[in-house]
Ligand code: PFF
C-alpha cells in the first residue's frame, strides 16, 4: 500500500469542511434550484432527500472505507485492496470522470467569475434583456475561455500546494464564509415582497408531479451534488486520520450539502417570485438570466440592497465552485502523482493542461463549435451526460458492491467503528443499505435511464 508522504487532513473540522466543500458547489446553488423549478418544487425536494439518504449516502460511506483503508488514490486503492482483479476499472472510471466533470464545470465556473466581476463593478445593472446579455457572453469565441482558464489556474494553485496547506486551509476559510453569505442572502430574499409565493412553491408538495423522470433527475442530482461515484471522496478519505469517524462525517457532509441546496432554493425562489413575469422553470438560465433581472429590480428600488445582494450571491457561487473544482482536480492529481511517482506540482500541471484542452471544447460548444455534435450533443452536454448519467451511477453501483460483496465484512466494520472504538448507531441498517438498497436502487434507475 502506498502510504508514505501523502499528507493528511490535520483536524476533524478540516475533514468535514473539505468534504463538504467538495459537495457544496454549483450543483447546489445553480443545478438544484434549476431542477426544483423544472420538476415542480416541494415534491422533487422530498424525492431528492430520499435519494440522498438511501442511495448517495451509502455510496459516500463506501468511498470513505475504500479511501481510508487503502491510503491511496482511487486507482491505487483497488490495486491494493483487490490486486489483479477487474475492480480497478472503477478506479480508472473515477479518474476519467473527474477530468470530464472538471472540464465542463469550469465553463460554468468561468461564467460565474465573469458575473462576479460584473456585479462587483456595477456593470450587471441597467440592461433590458438579460437573456441577450448572457447569450452574447457565452457564445463569444474567446471571452468565456479567458475566465475559464483563470478559474482553472486558481484551482491549480490550491491543489499544487498540497493537502493540508492547500485544500484544507482553503476549505476552512471558504466554507464558513459561504455559510454566512447563504444565511444573509436567504434573509434578504425572504423579506422581498411576494416571497410567500416562492415559499409556497418550495414547501407545499404536489405529489401528482412525481413521475419516473422526476425520480431519475433527483438521483442524478443527489449523486452530482454529493460528489459520489467517481472516487472523489475516496481520494479525500485517503487523507483522513485513523480516528476520523467515517459515518458521522458522511452524515455531516450530507446534512450540510442538503441544507445548502434547500437554502439556495430559499434565496432564489422567493426572489424570483417577487418579480412578476419571471419564470422559475427557465432552466440553467435561472442564475444568469432570471436572477440578474431580480437584482436589477431590487437595485432600481433600493440601490444599496440590490448591489449587495447581487455581489454577495455571485461571490457565494464562486467560492462554492472553487471548493468543488479542487476536489475534482485532486482525483487525477493524486493518481498521476502516485502511479507515475512524480511530484504533486508536476501532476497538477498535467491535469490542468488536459482540462484546459477538454474544457475549451466544452466552452466553444456554446459558440463557434455549436454545430459539432456527438450522439446529438455538443461537448458540454456530452461530458455532463457521460458523468452525471453514466459514470457516477455506474461507479456508485460498483463501489457499494465492492465494499459489501468483495471486501471482508470484518475489515469494513473495523473501518466504520475505528477498530471497535466508536459505537455506530444503525450500523446494521447502514450495511443493509450498502449491500442491497444502494446497488439495486441505483441499478434500476440507471437501467431505466439507459432504456429511455
Ligand atoms: N458536488 C459538486 C457540486 O454540487 O457542485 C460537483 C462535484 C464535485 C461533482 C466533485 C463531482 C466531483 F467529483
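Do we find a residue being within 16 Å of the ligand (Cβ to nearest atom), assigned to a helix (DSSP H, G or I) and over 20 Å from the mean Cα position of the chain (by Cα) anywhere in the range 77-94?
Yes: the range 77-94 contains one or more residues that are within 16 Å of the ligand (Cβ to nearest atom), assigned to a helix (DSSP H, G or I) and over 20 Å from the mean Cα position of the chain (by Cα).
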Requested in this report: Name the one entry in 334, 320 that is at pLDDT below 95 and surrounded by 21 or more Cβ atoms within 10 Å (Cβ to Cβ).
Outcome: 320
Query - Which listed residue is within 16 Å of the ligand (Cβ to nearest atom) and out of contact with any helix residue (DSSP H, G or I) (no Cβ under 8 Å at 6 or more places or on another chain), from 234, 261, 255, 222 - result: 255
Requested in this report: Kindly check whether there is at least one residue in the range 290-313 that is more than 27 Å from residue 123 (Cα to Cα), buried (at least 24 other Cβ atoms within 10 Å of the Cβ) and over 14 Å from the mean Cα position of the chain (by Cα).
Outcome: no
Report task. All but one of (1) farther than 27 Å from residue 220 by Cβ; (2) assigned to a helix (DSSP H, G or I) hold for residue 388, so report the exception by its number. Result -> (1)
Query raised in the report: Among the listed residues 360, 325, which satisfies the condition of being in contact with a helix residue (DSSP H, G or I) (Cβ under 8 Å, 6 or more places away or on another chain), at pLDDT 95 or above, part of a helix (DSSP H, G or I) and more than 16 Å from the ligand (Cβ to nearest atom)?
Result: 360
Report task. Tally the residues that are at pLDDT below 95, surrounded by 15 or more Cβ atoms within 10 Å (Cβ to Cβ) and part of a helix (DSSP H, G or I), restricting the search to the range 121-137. Result -> 5
Query - Candidate set: the range 153-168, residues that are in contact with a helix residue (DSSP H, G or I) (Cβ under 9 Å, 6 or more places away or on another chain) and free of Cβ contacts under 8 Å to residues at least 40 places away in the same chain; chosen: the one farthest from residue 353 (Cα to Cα) - result: 161
Query raised in the report: Does the range 377-391 hold any residues that are within 13 Å of the ligand (Cβ to nearest atom) and modelled with pLDDT of 95 or more, and which are they?
Result: 383
Report task. Could you look through the range 441-452, keep only residues that are in a helix (DSSP H, G or I) and touching a helix residue (DSSP H, G or I) at 6+ places or on another chain (Cβ under 9 Å), and pick out the one that is surrounded by the fewest Cβ atoms within 10 Å (Cβ to Cβ)? Result -> 450
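Do you know which residues across the range 368-385 are part of a loop (DSSP other than H, G, I, E, B) and surrounded by fewer than 17 Cβ atoms within 10 Å (Cβ to Cβ)?
Listed by number, the residues that qualify are 368, 370, 371, 372, 373, 375, 376.
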Report task. Would you check if there is a residue in the range 201-215 being in a helix (DSSP H, G or I), surrounded by 24 or more Cβ atoms within 10 Å (Cβ to Cβ) and touching a helix residue (DSSP H, G or I) at 6+ places or on another chain (Cβ under 8 Å)? Result -> no
Report task. From (1) within 16 Å of the ligand (Cβ to nearest atom); (2) surrounded by fewer than 20 Cβ atoms within 10 Å (Cβ to Cβ); (3) modelled with pLDDT under 95, pick out the condition that doesn't hold for residue 49. Result -> (3)
Query raised in the report: Is the range 397-415 home to any residue that is within 16 Å of the ligand (Cβ to nearest atom) and touching a strand residue (DSSP E or B) at 6+ places or on another chain (Cβ under 7 Å)?
Result: no
Query raised in the report: Quick check: anything in the range 354-364 in contact (Cβ under 8 Å) with a residue 12 or more places away in the chain and over 30 Å from residue 160 (Cβ atoms)?
Result: no
Query raised in the report: When the range 258-277 is examined, which residues are found to be surrounded by fewer than 19 Cβ atoms within 10 Å (Cβ to Cβ) and either in a loop (DSSP other than H, G, I, E, B) or touching a strand residue (DSSP E or B) at 6+ places or on another chain (Cβ under 7 Å) (or both)?
Result: 275, 276, 277
Query raised in the report: Just wondering, is there one or more residues in the range 85-99 that are out of contact with any helix residue (DSSP H, G or I) (no Cβ under 8 Å at 6 or more places or on another chain) and surrounded by fewer than 24 Cβ atoms within 10 Å (Cβ to Cβ)?
Result: yes
Query raised in the report: With (1) within 16 Å of the ligand (Cβ to nearest atom); (2) at pLDDT 90 or above as the list, and residue 284 as the residue in question, which single condition is left unmet?
Result: (2)
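The values are calculated or read from the model by the stated rules, or taken from the named source; none is laboratory data. Please read all numbers here as calculations on a predicted model, not as lab measurements. Glycine also receives a Cβ, built like all others from the backbone with ideal geometry; neighbour counts cover every protein chain displayed.
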